[in-house]
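Asks: Quick one: the structure is below, questions incoming.
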Amino acid sequence: TKGVKEEELADLKKALLKAKNDYGVKGVVSGAIASNYQKKRIGVLCRDLGLKGFSPLWDRDPIALLKEVVNGFKAVIVKVAAEGLDDSWLGRKIDKSFLKDIIKLRVHPMGEGGEYESLVLNAPLFNKEIVIKESSKEWDGAAGHLRIKKAFMIP
């Protein structure tokens, strides 16, 4: 989907129904931290489809969560859409330097308001790491994203 609000929800509903019917999925884990809008929308979808909804990060301290990401994951920024976040943030690693810089800005540290989106490249439960071989930045002057052109996985 192109991220159009109601189309996005319909696409997600269709994908969840397929997952339920084809693979026996019984629930959805949401990464919602502070967005009532996001949590409510996922909750309604789960209820409508007879799935269990679970939001383990709900109402957790965002700086503590970001520190967990910094210390346990390998992730990069793939989308920015907030004042103070320009194209130089695209492709940036989420590390201690990122943590220090994001706290200085007046944005949600975990990007909960859509200020940024990230891609996890490696995590404790991953069997393989994603390596981005080629990417480009697409920037419109106010927002942008990292277009990943080539990637591969390594053990």
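Values in this text are rule-based calculations from the coordinates and carry no lab data. It should be emphasised that the depicted structure is a prediction, and the values quoted were computed from it without experimental measurement. Cβ atoms come from the backbone with ideal geometry, glycine included; neighbour counts cover every protein chain shown.
Asks: Hey, fewest Cβ within 10 Å first, where do Leu121, Leu90, Leu12 land in order?
Replies: Ordered from fewest to most neighbouring Cβ atoms within 10 Å, Leu121, Leu90, Leu12 come out as Leu12, Leu121, Leu90.
Asks: While we're looking at this one, here's another question. Karplus couplings for the stretch 130-140 from phi (6.51 cos²θ - 1.76 cosθ + 1.60, θ = phi - 60°), rounded to Hz, Gly and Pro as x?
Replies: Working through the residues one at a time gives 8, 10, 8, 8, 9, 8, 9, 9, 10, 10, 10 Hz.
Asks: Let me ask something else. In the stretch 62-154, if the dipole is taken from +1 on Lys/Arg beta carbons and -1 on Asp/Glu beta carbons about the Cα centre, which of Ser97, Val131, Ile77 is farthest to the positive end?
Replies: In the stretch 62-154, that residue is Val131.
Asks: Going by average Cβ neighbours within 10 Å, how do the peptides 101-109, 127-135 rank, with the highest at the top?
Replies: 101-109, 127-135
Asks: Can you tell me the orientation of helix 5-23 relative to the chain, as the angle in degrees between its alpha-carbon axis and the longest Cα principal axis, to the nearest 10?
Replies: Approximately 60 degrees, to the nearest 10.
Asks: Let me ask you something else. How big is the charge dipole of the chain about its Cα centre, in debye rounded to the nearest 20, if each Lys and Arg gets +1 on its Cβ and each Asp and Glu gets -1 on its Cβ?
Replies: With only Lys, Arg, Asp and Glu charged at Cβ, the dipole is about 480 debye.
Asks: Rounded to the nearest 500 deg cm²/dmol, what is the calculated helix-only ellipticity per residue at 222 nm for the chain, with -39500 (n - 2.57) per DSSP H run of length n ≥ 4?
Replies: -11000 deg cm²/dmol
Asks: Give the residue from Met110, Ile154, Gly141 lying farthest towards the positive end of the charge dipole for the chain; charges sit on Cβ (+1 for Lys and Arg, -1 for Asp and Glu) and the dipole is referred to the Cα centre.
Replies: Ile154
Asks: Is there a pair in Lys40/Lys128; Lys93/Lys133; Lys128/Lys150; Lys74/Lys137 whose C-alpha atoms are over 23 Å apart, and which pairs would that be?
Replies: Lys40/Lys128
Asks: Quick one: angle between helix 36-49 and the longest Cα principal axis of the chain, in degrees between 0 and 90, rounded to 10, please.
Replies: On a 0 to 90 degree scale, this one is about 30.
Asks: Please report the orientation-averaged projected area of the stretch 62-154, defined via the convex hull of its C-alpha atoms, in nm².
Replies: Taking a quarter of the hull surface, the average projection is 5.9 nm².
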